[in-house]
Amino acid sequence: MNTQLLPATEDSLALAARLLADGQLVAFPTETVYGLGAHAMDAQAVLGIFAAKGRPGDNPLIVHIHDRSQLEDICEVNENALRLMDAFWPGPLTIILPRKNAVPYAVTANLETVAVRMPSHPVALAMLQRCGLPIAAPSANRSGKPSPTTAQHVLADMDGRIPLILDGGESDVGLESTVLSLVSERPCILRPGGITQSMLEAVVGPVDLAGSILRPLEKGEKALSPGMMYKHYSPDGQVTLIEGAENDVVEALRRLYAHAAGEGHRACVMCFTEHVNALADCAPHDIGHRNDPAEVAHRLFDTLRRLDDEKMDVIFSEVVPPEGVGLAVMNRLGRAAAFRTVQAENVI
Ligand code: AMP
Ligand code: MG
């Protein structure tokens with residue numbers, strides 16, 4: 001199949017709408033990451049997403065809408081959901097609610113709940129409006145790869161597998177949406193993202209955090225969000241996270257890099273902008289400023305993909321405090337590292 005990569009114009013949006021109505025797949029920009037969309041009420045079209053991504057069939061998709069009236073056929077809306085939609089839609093918040101029968105089980109991976117979101121990216125909204133359909137979409141990467149934050153990332157993973165990629169530039173947030181379950185007694189964050197726990201609590205009161213956000217699932221533990229089961233967001237090389245006081249971390253990165261490079265590895269470090277000069281001999285990859293977790297979020301997946309392009313096999317990374325948007329960064333970075341962490345003071 002020939003894959004077209006087109007800037008978003010009246011013509012390409014019309015083409016996207018035709019393809020989606022016809023049961024085909026279209027990749028499109030959102031403010032979080034690029035999505036791979038299909039007509040959500042067409043089970044056959046939705047199965048195409050799993051095939052193109054190589055995604056396990058038990059990992060459900062998010063249904064994207066442009067107008068709340070579309071929810072009538074999709075889910076049971078409750079009071080908290082309405083408050084959260086008023087506060088955060090359109091935007092990077094996905095809400096889990098009880099599903100209605102019209103939603104194919106292919107979308108929900110046989111669950112009785114469904115994930116819904118209204119994205120804020122103008123191209124995503126324009127495409128959703130044009131086709132007038134609810135669009136099921138996960139991130140537009142091959143399963144196991146970092147989510148795409150540019151149209152070029154999507155092309156690298158999906159060339160020949162889908163007919164159309166709409167180019168809307170770099171994704172703003174850079175990490176996938178916050179996923180919040182509203183089916184348990186208390187709202188519960190299944191996946192942290194740009195909408196933080198404190199932002200949600202300001203609207204609906206106390207919000208729980210799923211246990212496995214900053215650690216691997218324990219043996220026999222059931223993933224509340226099936227996506228958490230998989231080794232996600234990972235580059236091909238082995239990533240190790242370095243924790244500790246600022247100066248200790250920089251010194252530890254230098255020693256770990258020197259050791260790995262000395263053993264013949266293609267090694268590098270992921271470090272804050274402030275440390276790039278001090279680590280100039282350690283193949284530094286700038287992840288953004290130390291006190292700006294939103295910048296680190298914005299750059300993270302592009303950096304992880306670059307490591308693969310450069311065929312790095314040993315990577316040492318700084319970490320951010322797991323608070324606010326930093327919690328979302330550490331949830332992804334932790335998984336990229338398979339939670340392998342070293343204390344700087346034990347290295348220097
Ligand atoms: P992606 O945006 O590609 O990461 O995929 C959608 C995410 O939403 C995955 O992590 C899913 O596990 C999660 N998700 C979708 N539907 C549900 C649901 N009904 N219950 C819990 N999590 C869900
Ligand atoms: Mg994904």
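Only one of these conditions is not met by LEU82: (1) in contact (Cβ under 8 Å) with a residue 12 or more places away in the chain; (2) over 16 Å from the mean Cα position of the chain (by Cα). Which number is it?
Of (1) in contact (Cβ under 8 Å) with a residue 12 or more places away in the chain; (2) over 16 Å from the mean Cα position of the chain (by Cα), only one is false for LEU82: (1).
So which residues in the stretch 10-23 are surrounded by 13 or more Cβ atoms within 10 Å (Cβ to Cβ) and part of a loop (DSSP other than H, G, I, E, B)?
GLY23
Given SER184, SER147, SER171, which one is within 13 Å of ligand 1 (Cβ to nearest atom), surrounded by fewer than 18 Cβ atoms within 10 Å (Cβ to Cβ) and not acidic (Asp, Glu)?
SER184
Could you please find all residues in the stretch 94-113 being more than 12 Å from MET41 (Cα to Cα) and either touching a residue at least 40 places away in the same chain (Cβ under 8 Å) or assigned to a helix (DSSP H, G or I) (or both)?
THR94, ILE95, ILE96, LEU97, PRO98, ALA109, ASN110, LEU111, THR113, listed by residue number.
Would you be able to say whether some residue in the stretch 27-35 is at pLDDT 95 or above and assigned to a helix (DSSP H, G or I)?
No: the stretch 27-35 contains no residue that is at pLDDT 95 or above and assigned to a helix (DSSP H, G or I).
Scan the stretch 132-156 residue by residue and report those that are within 10 Å of ligand 2 (Cβ to nearest atom) and not in a loop (DSSP other than H, G, I, E, B).
ALA137, SER139, listed by residue number.
Of the residues that sit in the stretch 199-241 and are among the β-branched types (Val, Ile, Thr), under 30 Å from ALA260 (Cβ atoms) and modelled with pLDDT of 90 or more, which one is nearest to ligand 2 (Cβ to nearest atom)?
Filtering first and then ranking leaves VAL239.
Just one of (1) assigned to a helix (DSSP H, G or I); (2) without any contact (Cβ under 8 Å) to a residue 24 or more places away in the chain trips up GLN129, so point out which.
(2)
When you check ASN2 against the structure, is it surrounded by fewer than 15 Cβ atoms within 10 Å (Cβ to Cβ), in a loop (DSSP other than H, G, I, E, B) and among the polar types (S, T, N, Q), yes or no?
It is true that ASN2 is surrounded by fewer than 15 Cβ atoms within 10 Å (Cβ to Cβ), in a loop (DSSP other than H, G, I, E, B) and among the polar types (S, T, N, Q).
Restricting the first residue to the stretch 57-76 and requiring it to be touching a residue at least 40 places away in the same chain (Cβ under 8 Å), which pairs with a second residue that is within 14 Å of ligand 2 (Cβ to nearest atom) and aromatic (Phe, Trp, Tyr) meet a Cβ separation below 6 Å and a spacing of at least six or different chains?
Listed pairs, sorted by first residue: GLY57/PHE50.
I'd like to verify a number: residues in the stretch 280-306 that are touching a strand residue (DSSP E or B) at 6+ places or on another chain (Cβ under 6 Å) and not polar (S, T, N, Q), how many?
5
Just checking, does the stretch 131-142 include any residue being polar (S, T, N, Q), under 24 Å from ALA328 (Cα atoms) and at pLDDT below 95?
no
With respect to VAL116, determine if the residue is assigned to a strand (DSSP E or B) and under 17 Å from the mean Cα position of the chain (by Cα).
yes
Across the stretch 296-348, what is the total count of residues that are within 23 Å of ASP248 (Cα to Cα), of a type in the set (D, E, K, R) and in a helix (DSSP H, G or I)?
Summing the residues that are within 23 Å of ASP248 (Cα to Cα), of a type in the set (D, E, K, R) and in a helix (DSSP H, G or I) in the stretch 296-348 gives 1.
Is the stretch 159-182 home to any residue that is within 16 Å of ligand 2 (Cβ to nearest atom), out of contact with any helix residue (DSSP H, G or I) (no Cβ under 8 Å at 6 or more places or on another chain) and closer than 18 Å to GLY48 by Cβ?
Within the stretch 159-182 (the criterion being within 16 Å of ligand 2 (Cβ to nearest atom), out of contact with any helix residue (DSSP H, G or I) (no Cβ under 8 Å at 6 or more places or on another chain) and closer than 18 Å to GLY48 by Cβ), the answer is no, since none of the residues qualifies.
Scan the stretch 45-65 residue by residue and report those that are crowded, with 22+ Cβ neighbours inside 10 Å and either of a type outside the set (Lys, Arg) or at positive phi (or both).
Once the filter is applied, which keeps residues that are crowded, with 22+ Cβ neighbours inside 10 Å and either of a type outside the set (Lys, Arg) or at positive phi (or both), the stretch 45-65 yields ALA45, VAL46, ILE49, PRO60, LEU61, ILE62, VAL63, HIS64.
Return a yes/no flag: does the stretch 72-93 have any residue that is touching a helix residue (DSSP H, G or I) at 6+ places or on another chain (Cβ under 9 Å), not hydrophobic (A, V, I, L, M, F, W, C) and not in a helix (DSSP H, G or I).
yes
Give the residues of the stretch 20-52 that are within 14 Å of ligand 2 (Cβ to nearest atom) and more than 16 Å from LEU164 (Cβ to Cβ), sorted by residue number.
The answer is THR32, VAL33, PHE50.
Looking only at the stretch 48-99, filter to residues that are within 14 Å of ligand 1 (Cβ to nearest atom) and basic (Lys, Arg); which one of those is nearest to ARG142 (Cα to Cα)?
LYS53
Restricting attention to the stretch 275-299, which residues are within 14 Å of LEU327 (Cα to Cα) and either out of contact with any helix residue (DSSP H, G or I) (no Cβ under 6 Å at 6 or more places or on another chain) or of a type in the set (Gly, Ala, Ser) (or both)?
Once the filter is applied, which keeps residues that are within 14 Å of LEU327 (Cα to Cα) and either out of contact with any helix residue (DSSP H, G or I) (no Cβ under 6 Å at 6 or more places or on another chain) or of a type in the set (Gly, Ala, Ser) (or both), the stretch 275-299 yields ASN291, ASP292, ALA294, GLU295, ALA297, HIS298.
The values are calculated or read from the model by the stated rules, or taken from the named source; none is laboratory data. Quantities reported herein were computed from a predicted structural model and do not represent experimental measurements. We place every Cβ from the backbone using ideal geometry, glycine too, and count neighbours over all the protein chains shown.
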